[in-house]
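One structure is given below, encoded as structure tokens.
The values are calculated or read from the model by the stated rules, or taken from the named source; none is laboratory data. This is a predicted model, so every value here is computed, not measured. Note that we place each Cβ from the backbone using ideal geometry, even for glycine, and neighbour counts take in every protein chain shown. Ligands, DNA and RNA are excluded from the accessible area calculation, which covers all protein heavy atoms including side chains. Shrake-Rupley method; radii C 1.70, N 1.55, O 1.52, S 1.80 Å.
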Number of protein chains: 2
Amino acid sequence: MAFGENLEKLHNMDREMYHLEKALAVLRWDQETYLPEKGVEERSEQLALLEGIAHERLTLPETGRMLSELGSTQENPGGDEKLPALQRDFLKTLRRNYDRAVLLPHDFVSDSARAEGLSQAAWVNARRDNDFSVFLPHLIKMINFARQKAVYWGWQDKPYDGLLDIYEPGMGADAIAAVFTPLGQRLSALLKKISSRPRPDNSFLVQEFNLENQASFNRILLERLGFDARRGRMDISAHPFTTILGSDDIRITTRYLPRHAQSGIFATIHEAGHAFYEMDFPDEIRGTCLADGASMGIHESQSRLWENVIGRSKPFWEGMLPVLRSYFSAPLSNITVDDFYRAVNLVEPSLIRVEADEVSYSLHVILRFELEQALFSGSLDPADLPAVWRKKMKELIGVEPETDSQGVLQDVHWSMGAFGYFPSYALGNLYGLDFWEKLKSDIPGTDQLIAEGNFTPIRTWLRDTIYVWGRRLEPPLLLKTVTGKSLSPEPFLTYIESKYAEIYGA
Amino acid sequence: MAFGENLEKLHNMDREMYHLEKALAVLRWDQETYLPEKGVEERSEQLALLEGIAHERLTLPETGRMLSELGSTQENPGGDEKLPALQRDFLKTLRRNYDRAVLLPHDFVSDSARAEGLSQAAWVNARRDNDFSVFLPHLIKMINFARQKAVYWGWQDKPYDGLLDIYEPGMGADAIAAVFTPLGQRLSALLKKISSRPRPDNSFLVQEFNLENQASFNRILLERLGFDARRGRMDISAHPFTTILGSDDIRITTRYLPRHAQSGIFATIHEAGHAFYEMDFPDEIRGTCLADGASMGIHESQSRLWENVIGRSKPFWEGMLPVLRSYFSAPLSNITVDDFYRAVNLVEPSLIRVEADEVSYSLHVILRFELEQALFSGSLDPADLPAVWRKKMKELIGVEPETDSQGVLQDVHWSMGAFGYFPSYALGNLYGLDFWEKLKSDIPGTDQLIAEGNFTPIRTWLRDTIYVWGRRLEPPLLLKTVTGKSLSPEPFLTYIESKYAEIYGA
């Protein structure tokens, strides 16, 4: 078969994979938003069937043959060097997806999927009953499956790096440790400083906020941010998320808690940040495997940039507080922008990562990164996790869980075998500020723009410098391309130290 | 391969087909309810891909081989006579679906699908611009495709019967004409009688009905009817429908018009009738190709039974009017049950089928049936349709459209090539009352039950006598099994003549 014909066939195959993934996303979105209670079991059968079909199609021997004929190998995934860069990036991504799928024996895939189901169920029970021993045997199995998977993919020597590579291509444990070490030290120091200062008042945020008004405000908020309602929607789910049901159908969810209005507000802004990335890919990669975030961490850089750097800034609330007040005049009548700003940036070391403030958040992640490294190097026995968790929490964040449910059992990730995922959350903070530093040097007066609610210049910059690449560049190269520099924790640390010095007068 | 093994493999294949169809239903449901504006185009690509996969799987030569090895042929679709009745019905249905799919050449399927797309688009334009000539060449093509399809399926001599068989298995044009002839005569006579009587007042139904209150009332209504919200939902769409996303996930839609509250109310009851059928199949056929209505007409018998015979009855509003009044005290303050009953049963010959009252509705259907017969026998030139339509409307219903948009172009069906579909709508009325006559003889005091809102005995009877069969029995046999009699228009005519004699004092 001719060269061009192979390429065209691979593009058609990729287009089908894209549609299949999006069809799966429709089923999953519906499951989290509108599925009736009793429909859950059958929905998982539907999902399993479609996932099987997608896997079957991706791993057709014909795909491997065409990739090879185009010169794409594991060593040179981009194929023939005479191909245009875009096509080479396309082949590279396809090769990566194809290899990931075919290198795992069929029995291994079904065995680990089954084990994952049991493990998640055991984790739910263990967390409910605060009984780590129920989860332990499953955890050990999930660690072994994950290690074995990395070995199948060729990471015999450094299996944990193989797992990190799923979520952060091009970032090994050493590279991550190099930035996490100073990050951990300076955040701990900052946390210590803050703990000696008076606590800002946030009591006005902890009272009754009418749910319908919350919903109305969040719709206005989303519109002001520039979310295009013709190309997406916002619904409600227990855990907010962003999902892609088509290149013109990007959906987010949020949630409204009656006595905690800020939960929904920052969930909406966070998910909008994810959505903007997905909405603004260039036409040349739309609807292909390249229309995706560069990594989990780069994706998180966008959500956390919007949520924290923009959404938790004073200029942002100069613009939005009057709008919020129009929905909640009673609770907010005497509250100034400064009061509000200090309240939504309250730092309070706590046990649960997903509820952590901006300062301690990354410390929760570092704890998990250190534990995962130790688990995969063999220096930590999984049975010792609860004790080590408590000790490290005390060291890093200064609080200690009374129960394992509030400690080592709090996150779902390990029960799913998703080791190597956590670092992306903190890397997102770092990437975000590395980008932001460059953005601020390119766009003067961001504070003014944010206060005016004019987010277009920011979104345009993000689109033209970051989103334009989709997943063509791995994070280290993307960073270099955008900022001219390597990953550094400095911009994030400078930002956070100066922001909280001002708030806490420390 | 062993006998039992083939059967098991066919059941697995059927289960996969079931899941694929339901996954498709999720995508279609979402398209009608929540899909953002710009997502439409990609959604149709996703649907086309999944439909292709479903068709591919159904028509695997292995399926045909296994069916044959189990003794199933076109002549003896149920296979080996030693098999249990349930398995024979299963094989019969699978054989029917398989033959339907494999007997059509691949090119024919893709050519007709493409033509259908163009035809629907042309119909939309023709209706908008009131220009039948734009639609005519497409209509001719759709007639030819439909005829050719019937020929491929072996209906060379009576292609229209082959099309009717899609929607009403076992019911040919002669059998339908045998009941439609007296139906048409007596409905026309009734309509004439009514037209000479004073028109009941329904002005109180044509005023502002708050949309949120409509939504609240319709939720209560659905709950009172016994719709299990753990196994389904109700959303809003432009055209109300029922769809099955899983055997425990049956969804209906309704719509709320600001000045026309009864539109939503009767849509809700109508779709609930469809949903009950789908919700109450017995375990032995759940999740298989037998878990389906016996035919379009039998399905419609359920929706129209609930909507008209129950929902438009006086006892029903004895129970529900106080509830409705609690949401709309102003518009309904002085309205008695009798006023309300007469208003929602207003008979007013009109041009549009979907808005027709209970008396003239079937006449709209008979008109289409007669035209379809003439088109497929060749006695009617499609170019003459507009004129013949006007003439027949005048004869049958007493009104004449001024435009073709309000006449021959009003329905979508022909533009999709769905000839033979219309008769099911009126057959549903007849089946429904045939069933109802038997139900009333089995359950004493239905009026009392309906007035009390105790629908359980009725639903239980429908479940145990009709739904229990799924699509195992073709309509004629189902009717015989349930009522002991053949299809007759008498129960419907007796019901409608006495109901409207009482309302109109005729």
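Quick rundown of the values:
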quantity	calculated
Residues that are open to solvent by 30 Å² or more (accessible area, probe 1.4 Å), in contact with a helix residue (DSSP H, G or I) (Cβ under 8 Å, 6 or more places away or on another chain) and either within 14 Å of chain A (Cβ to nearest Cβ) or at pLDDT 95 or above (or both), drawn from the range B:49-59	B:Glu51, B:His55, B:Arg57
Test: residue in the range A:332-355 that is part of a loop (DSSP other than H, G, I, E, B) and under 22 Å from A:Ile140 (Cα atoms)	no
Pairs with Cβ under 6 Å, 6+ apart, first in the range B:422-443 and over 13 Å from B:Leu462 (Cα atoms), second outside any helix (DSSP H, G or I) and open to solvent by 10 Å² or more (accessible area, probe 1.4 Å)	B:Leu430/B:Pro489
Check on B:Glu42, under 30 Å from B:Ser237 (Cα atoms), within 11 Å of chain A (Cβ to nearest Cβ) and in contact with a Ser or Thr (Cβ under 9 Å, 6 or more places away or on another chain)	yes
Cβ pairs under 9 Å, 6+ apart, first in the range B:45-56 and acidic (Asp, Glu), second open to solvent by 70 Å² or more (accessible area, probe 1.4 Å) and not in a helix (DSSP H, G or I)	none
Flag if A:Glu42 is without any contact (Cβ under 8 Å) to a residue 12 or more places away in the chain and surrounded by 15 or more Cβ atoms within 10 Å (Cβ to Cβ)	yes
Residue match in the range B:266-280 (condition: out of contact with any strand residue (DSSP E or B) (no Cβ under 7 Å at 6 or more places or on another chain) and of a type in the set (S, T, N, Q))	no
Long-range neighbours under 7 Å by Cβ, at least six apart or interchain, first residue within 11 Å of chain A (Cβ to nearest Cβ) within the range B:229-242, second open to solvent by 40 Å² or more (accessible area, probe 1.4 Å)	B:Arg230/A:Glu37; B:Arg230/A:Lys38; B:Arg231/A:Lys38; B:Arg233/A:Tyr34
Matching entry among A:Thr403, A:Thr456 (being open to solvent by 50 Å² or more (accessible area, probe 1.4 Å), touching a residue at least 60 places away in the same chain (Cβ under 8 Å) and of a type in the set (Val, Ile, Thr))	A:Thr456
Condition met for A:Phe209 (more than 25 Å from the chain's Cα centre (by Cα) and surrounded by 18 or more Cβ atoms within 10 Å (Cβ to Cβ))	yes
Answer from B:Leu351, B:Leu385, B:Leu367, B:Leu380 - the residue that is within 18 Å of B:Leu164 (Cα to Cα) and either open to solvent by 30 Å² or more (accessible area, probe 1.4 Å) or of a type outside the set (D, E, K, R) (or both)	B:Leu367
Pair list, Cβ under 7 Å, 6 or more apart: the range B:3-17 residue within 12 Å of chain A (Cβ to nearest Cβ), other residue assigned to a helix (DSSP H, G or I) and among the polar types (S, T, N, Q)	B:Met13/B:Thr63
Enumeration of residues in the range B:284-311 that are open to solvent by 10 Å² or more (accessible area, probe 1.4 Å), touching a Phe, Trp or Tyr at 6+ places or on another chain (Cβ under 9 Å) and assigned to a helix (DSSP H, G or I)	B:Met296, B:His299, B:Glu300, B:Arg304, B:Glu307, B:Val309
Every residue from the range B:369-415 that is closer than 21 Å to B:Ala356 by Cα and of a type in the set (S, T, N, Q)	B:Thr403, B:Ser405, B:Gln406, B:Gln410
Extreme residue, most open to solvent (accessible area, probe 1.4 Å), among residues of the range A:18-39 that are within 9 Å of chain B (Cβ to nearest Cβ) and basic (Lys, Arg)	A:Lys38
Unique match (being open to solvent by less than 10 Å² (accessible area, probe 1.4 Å) and either in a loop (DSSP other than H, G, I, E, B) or within 30 Å of B:Met17 (Cβ to Cβ) (or both)) among B:Phe281, B:Phe276, B:Phe227, B:Phe316	B:Phe276
Any hit, the range A:195-218, residues being hydrophobic (A, V, I, L, M, F, W, C), under 30 Å from A:Pro457 (Cβ atoms) and within 14 Å of chain B (Cβ to nearest Cβ)	yes
Evaluation of A:Arg114 against (1) in a helix (DSSP H, G or I); (2) in contact with a helix residue (DSSP H, G or I) (Cβ under 6 Å, 6 or more places away or on another chain) (one fails), failing number	(2)
Whichever residue in the range A:243-275 is more than 18 Å from A:Arg312 (Cα to Cα) and among the hydrophobic types (A, V, I, L, M, F, W, C) and, among such residues, is farthest from the other protein chains (Cβ to nearest Cβ)	A:Leu257
Of residues in the range A:257-273 being aliphatic (A, V, I, L, M) and open to solvent by 10 Å² or more (accessible area, probe 1.4 Å), the one nearest to the chain's Cα centre (by Cα)	A:Ala267
Residues that are of a type in the set (Val, Ile, Thr) and either over 16 Å from B:Val109 (Cα atoms) or surrounded by 17 or more Cβ atoms within 10 Å (Cβ to Cβ) (or both), drawn from the range B:119-174	B:Val124, B:Val134, B:Ile140, B:Ile143, B:Ile166
